[in-house]
Amino acid sequence: MSFGGFERGQSPSQPMAEINVTPLVDVMLVLLVIFIITAPLLAYAIRLDLPDIKAPPVSSRNEAIKISIDAEGRIFWNADRVDAKDLGARLAVAAKKTPQPDLHLRADKAARFERVAEVMAAAQDAGLTRIGFVTEPPTADPARATPAGK
């Protein structure tokens with residue numbers, strides 16, 4: 001069954017040869033906007049302002065546990081929020097694995113050191129021996145640079 005054109009004088013037996021692409025373009029633009037908005041959210045689930053420290057990168061062949069502490073002191077195991085009591089149990093289970101996983105500690109620079117020390121003590125009590133701190137490389141922004149001697 002073919003559809004005829006809309007022009008006068010055109011016989012109904014001729015099919016319409018034009019495709020309306022406007023709905024397709026509309027849908028593609030909406031999808032593009034959705035992906036532009038959601039893409040940055042997928043990179044890091046926990047927003048932290050890490051300290052800028054120059055340190056050589058560490059290559060790890062073992063499994064790594066990523067523990068994050070945000071500015072309010074909340075603790076995250078990879079991307080899941082955990083309580084302090086649950087953290088100790090999870091660390092104990094991880095310490096029994098062979099080979100023992102590395103612990104990557106990401107702490108916001110506004111986080112209290114007390115909270116960072118509690119997490120480190122819990123890891124040590126569980127028996128984890130390989131703990132590393134994750135930082136950001138320093139930026140070349142002259143406004144953030146501090147004068148020597150201050």
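Laboratory data are not the source of any read-out in this text; all were calculated from the coordinates shown. Predicted model, so just to flag it, every value in this text is computed and none were measured.
Worth a mention:
- For the pair Ala17 and Asp86 in one chain, pulling the backbone fully straight at 0.36 nm per residue adds 18.3 nm over the alpha carbon distance.
- Here Lys54 is the anchor, and the aspartates and glutamates within straight C-alpha reach of less than 13 Å, apart from those fewer than 8 places off in the same chain, are Glu136.
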